[in-house]
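Working notes, structure below.
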Amino acid sequence: MMLDLIDMVKKSGWWHKASCCIDSHYSNMSGIMLTDHLLAVAENIEAIFAQTNYGFFAELFCALEDLRLDKETVKKELLLVALLHDIGKTQHDKMLHIIHPLNQKLVIKRHSIVSVYAAMEIFGQYAGLPEDEKQRMYWCIEQHDISYGLYRQYKEAGIIPGLEKWKKLNDKIINRDGAGLMYLLIFKLADIHGHANISDVIWFYNTVQQKYFKPLGLYLPIPVESDMR
């Protein structure tokens, strides 16, 4: 089934457009296409879940279990998120507004919103994928860059999001303490292809642990760069 889902993405018009689009993490002369980035992040997801239960990853998978998340289900959903998260870069335009496909609000036509449209077009009518899994994937795609935006806000203005901000983000994905954010936390470990500086990922983990997990009595291990490279 997983191969069928991946095949649906790769046979879509969205994938074809992405295969003709230079990855924005690199120069126009690099020859590295957007699909190369999507595949690299998917490979990173595979590598994360193939880790032996040692060190940081042993603790991460224990935290996953404590949050009543099924490891194989999370892996499957994040693999599809990886293949789709930036696919909307072929049609994004921050000068325009569109209707948000999940909450019907008028929003800037950011690439993450367009990527949700792509995911819904590809999987929306597919009966082989449960609706709750689709919704988790859609919200993960929509929110995949939020931690970087919050990190930039912190660097520019010293603003550190509190528990309510993280709870709102968590509950969009799964309305259960810590479970939704865990999806994004794992995804950010993988979405480092083309990123020379990953200090935003470390900040994300530290801030979520201090401002959300710890006050709720939940445990979150903190990675170092060698866990991701």
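Each reported figure results from applying straightforward, stated rules to the coordinates on display, with no laboratory input. Note that the coordinates shown come from a computational prediction; the quantities given were computed from them, not determined experimentally. Note that we place each Cβ from the backbone using ideal geometry, even for glycine, and neighbour counts take in every protein chain shown.
Of all the numbered requirements in (1) under 23 Å from ASP70 (Cα atoms); (2) in contact with a strand residue (DSSP E or B) (Cβ under 9 Å, 6 or more places away or on another chain); (3) of a type in the set (Phe, Trp, Tyr), TYR117 misses one, and that requirement is (1). Checking each residue in region 122-168 for being in contact (Cβ under 8 Å) with a residue 24 or more places away in the chain, part of a loop (DSSP other than H, G, I, E, B) and farther than 25 Å from LYS75 by Cα picks out ILE160, PRO161, GLY162. Taking the listed residues GLU65, GLU43, the one that is without any contact (Cβ under 8 Å) to a residue 24 or more places away in the chain, among the charged types (D, E, K, R), in a helix (DSSP H, G or I) and closer than 27 Å to MET8 by Cα is GLU43, with no other qualifying. Consider region 117-162 and keep the residues that are more than 16 Å from VAL81 (Cβ to Cβ), buried (at least 16 other Cβ atoms within 10 Å of the Cβ) and not hydroxyl-bearing (Ser, Thr, Tyr). The one that is farthest from the chain's Cα centre (by Cα) is PRO161. Residues that are without any contact (Cβ under 8 Å) to a residue 24 or more places away in the chain and in a helix (DSSP H, G or I) do not occur anywhere in region 179-188.
Of the residues that make up region 30-40, is at least one exposed (fewer than 14 other Cβ atoms within 10 Å of the Cβ), of a type in the set (Asp, Glu) and part of a helix (DSSP H, G or I)? No, because not a single residue in region 30-40 is exposed (fewer than 14 other Cβ atoms within 10 Å of the Cβ), of a type in the set (Asp, Glu) and part of a helix (DSSP H, G or I).
Within region 69-110, work out how many residues are buried (at least 19 other Cβ atoms within 10 Å of the Cβ) and either among the acidic types (Asp, Glu) or part of a helix (DSSP H, G or I) (or both). Matching residues across region 69-110 total 15. The lone criterion from (1) of a type outside the set (Asp, Glu); (2) touching a helix residue (DSSP H, G or I) at 6+ places or on another chain (Cβ under 6 Å); (3) part of a loop (DSSP other than H, G, I, E, B) left unmet by ASN197 is number (2).
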